[in-house]
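These notes are about the structure you will find just below.
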Amino acid sequence: MVEFQGQQYDLTHADVHTRIRGLAPEGGRTYFVEVNGNMYPVKQVARTCTGVHRQHTRESQRFLLALGFTIHQAS
């Protein structure tokens, strides 16, 4: 279980990989995570996994860190 915006989600690291499979990464973002060999913006991954569209970057980062992902920053 992982929390995002006060809600509990029954997700694992592997579940994120499954939900993101086949999704094209959005461009032009600052913070990314690697999923299935592609770099995805943290907000795109959090939105896809939770259905929550309004979020702060830091919330998305904490959510993904809790699931075992490493956050990367674009240079």
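The phi-based Karplus calculation (6.51 cos²θ - 1.76 cosθ + 1.60; θ = phi - 60°) puts the 3J(HN,Hα) values of segment 37-44 at x, 10, 9, 10, x, 4, 5, 5 Hz, whole numbers, x for Gly and Pro. Checking every one of the trypsin sites (Lys or Arg not before Pro) in segment 10-75 against DSSP loop status and a limit of 11 other Cβ atoms within 10 Å picks out Arg21, Arg54.
Taken over the Cα atoms of the chain, the convex hull encloses 83 Å³ per residue.
Loop-resident GluC sites (Glu not before Pro) (DSSP state other than H, G, I, E or B) in the chain with no more than 16 further Cβ atoms inside 10 Å of their Cβ: Glu26. Taking amide H as placed 1.01 Å from N in the peptide plane, Val35 has its amide H under 5 Å from the amide H of Tyr40, each at least 5 places away in sequence or on another chain.
Since every read-out is calculated from the coordinates, none of them should be taken as a lab result. Predicted, not measured: the structure shown is a model, and the values here were computed from it. Virtual Cβ from ideal backbone geometry, glycine too; neighbours counted across all protein chains shown.
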